[in-house]
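S.K.: The structure that follows is given in the form of structure tokens.
The values are calculated or read from the model by the stated rules, or taken from the named source; none is laboratory data. Since the model is a prediction, treat every value here as computed from it, not as a measurement. Here the Cβ positions follow ideal geometry from the backbone for every residue, glycine too, while neighbour counts run over all protein chains shown. Areas reflect the complete protein model, heavy atoms only, side chains present, ligands, DNA and RNA absent. Shrake-Rupley method; radii C 1.70, N 1.55, O 1.52, S 1.80 Å.
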Amino acid sequence: LLVFLGLALPGTQGRIIPRCEMVKILRQNHFEGFEGTTVADWMCMVKHESDYNTKAYNNNGPSRDYGIFQINSKYWCNDGKTAGSVNSCHISCSKFQDDNIADDIQCAKKIAREAHGLSPW
């Protein structure tokens, strides 16, 4: 039965980025010191928001959070479901659920820049 379920649900789990690789990605993208944060701050946030899963999803009622940084559809992306979405990152929320996290990084940095830190998370 477990084998069947595993085959029946392909793509329900995205790529789980190993911790050390995530640290490297954050350092390469200049998260250390960004808006007064550290790589450790971002690692803690990513761990608790998505457990390093690129396909993470959370329904918040009127809005949803997407991807490794759990970017919200009310303010930052358009999922076609959230009424009054601002879409400040000018991107479809589905782009935050693929394995390419370059656009996730760009939007997460925009969010942190506008908030001067990690308070939106």
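S.K.: If the reach is capped at under 18 angstrom between alpha carbons, list the lysines near LYS110, excluding any in the same chain fewer than eight residues apart.
M.R.: Of all the lysines, those that pass the test against LYS110 - Cα under 18 Å, at least 8 places apart if same chain - are LYS74, LYS95.
S.K.: Let me ask something additional. What whole-number value in Å² describes the accessible area per residue of the stretch 19-115 for a 1.4 Å probe? Display every interim value, and only then the final one.
M.R.: Values: 4930 Å² over 97 residues.
That works out to 51 Å² per residue.
S.K.: Then there is this: Where Lys and Arg each count +1 and Asp and Glu each count -1, what net charge lies around SER92 among other residues with Cβ under 11 Å from its Cβ? Could you put the intermediate results ahead of the total?
M.R.: Details: positive: LYS95; negative: ASP79, ASP98, ASP103.
Around SER92, the charge tally is -2.
S.K.: Let me check I have the definition right: for the chain, take the eigenvalues of the Cα gyration tensor, multiply each by 5, take square roots. What are those semi-axes in whole Å, largest first? Numbers along the way, then the final one.
M.R.: On the way: eigenvalues 114, 79, 24 Å².
Rounded to whole Å, the semi-axes are 24, 20, 11.
S.K.: Search the structure for amide H atoms under 5 Å from the amide H of ASN72, placed 1.01 Å from N in the peptide plane, and list their residues when 5 or more places away or on another chain.
M.R.: TYR66
S.K.: Let me ask another. Can you tell me which of 103-110, 72-79 comes out highest on packing, and rank the rest after it, using the mean Cβ neighbours within 10 Å?
M.R.: On the way: 103-110: 19.6, 72-79: 21.5.
Answer by packing, highest mean first, reads 72-79, 103-110.
S.K.: Then there's this: Counting only protein heavy atoms and a 1.4 Å probe, tell me what percentage of the stretch 19-115's accessible area is made up of carbon and sulfur.
M.R.: Values: 2370 of 4930 Å².
Using a 1.4 Å probe with all protein chains present, the stretch 19-115 comes out at 48 percent carbon and sulfur.
S.K.: Give me the dipole magnitude in Debye, nearest 20, for the chain about the Cα centre, with unit charges on the beta carbon: positive for Lys and Arg, negative for Asp and Glu. Don't jump to the answer; show the numbers that get you there.
M.R.: Numbers: 13 positive and 13 negative charges, 18 e Å.
Using only the charged Cβ atoms, the result is roughly 80 debye.
S.K.: Still on this model: Say R0 is 25 Å: what FRET efficiency, to the nearest 0.05, do ALA83 and ARG113 get from their beta-carbon distance?
M.R.: After rounding, the FRET efficiency stands at 0.45.
S.K.: Also: Could you order the peptides 46-54, 83-91 from most to least packed, using the average number of other C-beta atoms within 10 Å per residue? Let's see the in-between values first.
M.R.: Values: 46-54: 17.3, 83-91: 14.2.
Put in order of decreasing packing, that is 46-54, 83-91.
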